[in-house]
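*Asks:* Dropping a structure here in structure tokens format, bear with me for questions.
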Amino acid sequence: MQRVRTHGAVMAGAALTAMALSLAACSSSSSSSGGGSSSSSLSGTLNASGSTFQLTFQQTAIQSFKSVQPSMTVNYGGGGSGKGRTDLSSGVVQFAGSDSPIPSDETASFKGKTVLYFPVVIGPITMSYNLSGVTGLKLTAPVIADIFQAKITKWNDSAITALNPGVTLPSTPIVIARRSDSSGTTANFSQFLVEGAPGVWKLGSSSTISWPAASRGGNGNGGVAQIVKTTPGAIGYVDYSDAKASGLSYASVKNKDGNYVAPSISSATSAADNATVAPNLTFSSVWTPGAQSYPVTYQSWDLVYQKQSSTNTTKMLKAYIGYLLGAGQQLLPQLNYAPLPASLDQKATAQLSKIGS
């Protein structure tokens, strides 16, 4: 499972070697302008967990950040968005990666403390599938809903063939691959089905879903990718970075404007550009308008308590998150993520000053 993500990070690390000097130079100005302290030496450790969508980005950014703050250590474990939020509320970590805002049923665990949302990355959730010889598959939200509810159980079902004239689809049984952990990817994917297939999708939207009994669960995006890759007939919702790293095939999906759009950095950017951002910087890129918007696009935040226990922790958080919002954004395209829209990145950078206040 983890091997897929680690391989991607190693490959990205090789590319980073050539960029290190320029990244260090521009991060110095971007972090300090956002309240970070890259101009002074910091020492200490930040621990974080959560979103596996962020994992490759975090691993790569941590490696590159060493050129800015060599005496700082940043540890980021995956585990899924739910674990990240639980670890933050329990005081186990200093920040948490989460692909969705804190759900109402988790609010009490934060004991009234103010949590700041720092968006750091945008990306598509692919409909990855394993069908030998089948490329260019097209799907709609209602059909995807019935696939993941096990109402459509074979690949040559008339509902799928009607969307794909000229494509020979086999009678292979469909194997549903989904997350086994509490996941922001699941929350956003299921929200897409709520909005894109109203009246068809019956399983609601949450970080965990009561999936059909025959479905197969994988831990993290990498775990779902591995199921799809090794299981003929499988289909799973996998973030674009993992799908690309695993060499998976994925479908084009009909968007809100009625166009079939393939997942890509540019189609994710289009979706995010059309999202409505709340004052606390929460938003949803799912099912946004736009001719070129990919309809299953999501976003991920780093969650931080506004009040911190020490001045040093405050400085380290400002420096590292400032790096993710500054020079770190340059790393994203080569890792198959989409950078934040400029206006959103500026709002997030300005919010750095609130940490520790």
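*Asks:* I'd like the full set of residues that are in a loop (DSSP other than H, G, I, E, B), of a type in the set (A, V, I, L, M, F, W, C) and open to solvent by less than 10 Å² (accessible area, probe 1.4 Å), limited to the stretch 43-82.
*Replies:* Once the filter is applied, which keeps residues that are in a loop (DSSP other than H, G, I, E, B), of a type in the set (A, V, I, L, M, F, W, C) and open to solvent by less than 10 Å² (accessible area, probe 1.4 Å), the stretch 43-82 yields only 53.
*Asks:* Using beta carbons and a limit of 9 Å, which pairs, at least six apart or on different chains, have the first residue in the stretch 339-357 and open to solvent by less than 30 Å² (accessible area, probe 1.4 Å) and the second one charged (D, E, K, R) and part of a loop (DSSP other than H, G, I, E, B)?
*Replies:* Once the first residue is open to solvent by less than 30 Å² (accessible area, probe 1.4 Å) and sits in the stretch 339-357, its partners that are charged (D, E, K, R) and part of a loop (DSSP other than H, G, I, E, B) give 355/307.
*Asks:* Within the stretch 193-203, which residues are part of a loop (DSSP other than H, G, I, E, B) and open to solvent by less than 10 Å² (accessible area, probe 1.4 Å)?
*Replies:* The one that is part of a loop (DSSP other than H, G, I, E, B) and open to solvent by less than 10 Å² (accessible area, probe 1.4 Å): 197.
*Asks:* Hey, another quick one. Checking residue 293 against (1) out of contact with any Lys or Arg (no Cβ under 8 Å at 6 or more places or on another chain); (2) buried (at least 24 other Cβ atoms within 10 Å of the Cβ); (3) assigned to a loop (DSSP other than H, G, I, E, B), which test does it fail?
*Replies:* (1)
*Asks:* Continuing with this model, one more query. Test each condition in (1) without any contact (Cβ under 8 Å) to a residue 12 or more places away in the chain; (2) farther than 25 Å from residue 259 by Cα for residue 116 and report the one that comes out false.
*Replies:* Only one criterion is unmet by residue 116, namely (1).
*Asks:* Another question, then. How many of the residues in the stretch 83-123 are open to solvent by 20 Å² or more (accessible area, probe 1.4 Å), among the hydroxyl-bearing types (Ser, Thr, Tyr) and assigned to a loop (DSSP other than H, G, I, E, B)?
*Replies:* 2
*Asks:* Kindly list the number of the only condition in (1) crowded, with 19+ Cβ neighbours inside 10 Å; (2) closer than 22 Å to residue 150 by Cα; (3) small (Gly, Ala, Ser); (4) out of contact with any helix residue (DSSP H, G or I) (no Cβ under 7 Å at 6 or more places or on another chain) that fails for residue 213.
*Replies:* (1)
*Asks:* Let me ask something additional. If the Cβ limit is 6 Å and pairs must be 6+ apart or interchain, which residue in the stretch 299-320 that is within 16 Å of residue 114 (Cα to Cα) pairs with which residue that is of a type in the set (Ser, Thr, Tyr)?
*Replies:* 301/98; 301/117; 303/98; 306/114; 308/314
*Asks:* In the stretch 249-265, which residues are open to solvent by 20 Å² or more (accessible area, probe 1.4 Å), in contact (Cβ under 8 Å) with a residue 60 or more places away in the chain and either small (Gly, Ala, Ser) or in contact with a strand residue (DSSP E or B) (Cβ under 6 Å, 6 or more places away or on another chain) (or both)?
*Replies:* 249, 250, 252, 254, 260, 264, 265
*Asks:* Quick one: how many residues across the stretch 225-245 are within 18 Å of residue 338 (Cα to Cα) and either open to solvent by 60 Å² or more (accessible area, probe 1.4 Å) or among the polar types (S, T, N, Q) (or both)?
*Replies:* 2
*Asks:* Among what's in the stretch 316-357 and is over 20 Å from the mean Cα position of the chain (by Cα) and among the aliphatic types (A, V, I, L, M), pick the residue that is farthest from residue 94 (Cα to Cα).
*Replies:* Across the stretch 316-357, the extreme among qualifying residues is 350.
*Asks:* Being in a helix (DSSP H, G or I), among the hydroxyl-bearing types (Ser, Thr, Tyr) and under 26 Å from residue 121 (Cβ atoms) narrows it down to one residue among 182, 206, 190; which is it?
*Replies:* When all the criteria are applied, what remains is 190.
*Asks:* Which one of these is among the β-branched types (Val, Ile, Thr), in contact (Cβ under 8 Å) with a residue 12 or more places away in the chain and open to solvent by less than 30 Å² (accessible area, probe 1.4 Å): 126, 172, 208?
*Replies:* Just a single option satisfies the conditions, and that option is 126.
*Asks:* Here is a follow-up. Looking at the stretch 139-169, which of its residues are assigned to a helix (DSSP H, G or I), farther than 15 Å from residue 252 by Cβ and open to solvent by 10 Å² or more (accessible area, probe 1.4 Å)?
*Replies:* Hits for the stretch 139-169 are 142, 146, 158, 159, 161.
*Asks:* Going residue by residue through the stretch 317-331, is there one that turns out to be open to solvent by 40 Å² or more (accessible area, probe 1.4 Å), of a type in the set (Ser, Thr, Tyr) and modelled with pLDDT of 95 or more?
*Replies:* no
*Asks:* Among what's in the stretch 268-290 and is of a type in the set (Val, Ile, Thr) and open to solvent by less than 20 Å² (accessible area, probe 1.4 Å), pick the residue that is nearest to the chain's Cα centre (by Cα).
*Replies:* Across the stretch 268-290, the extreme among qualifying residues is 286.
*Asks:* Just checking, does the stretch 304-315 include any residue being within 25 Å of residue 103 (Cα to Cα), buried (at least 22 other Cβ atoms within 10 Å of the Cβ) and under 17 Å from the mean Cα position of the chain (by Cα)?
*Replies:* Within the stretch 304-315 (the criterion being within 25 Å of residue 103 (Cα to Cα), buried (at least 22 other Cβ atoms within 10 Å of the Cβ) and under 17 Å from the mean Cα position of the chain (by Cα)), the answer is no, since none of the residues qualifies.
The values are calculated or read from the model by the stated rules, or taken from the named source; none is laboratory data. Computed from a prediction, not measured in an experiment: that's the story for all the values here. Backbone-built Cβ (ideal geometry, glycine too); neighbour counts: all protein chains shown. Just so you know, the surface numbers come from the protein's heavy atoms only, side chains and all, with ligands and any DNA or RNA stripped out. Shrake-Rupley method; radii C 1.70, N 1.55, O 1.52, S 1.80 Å.
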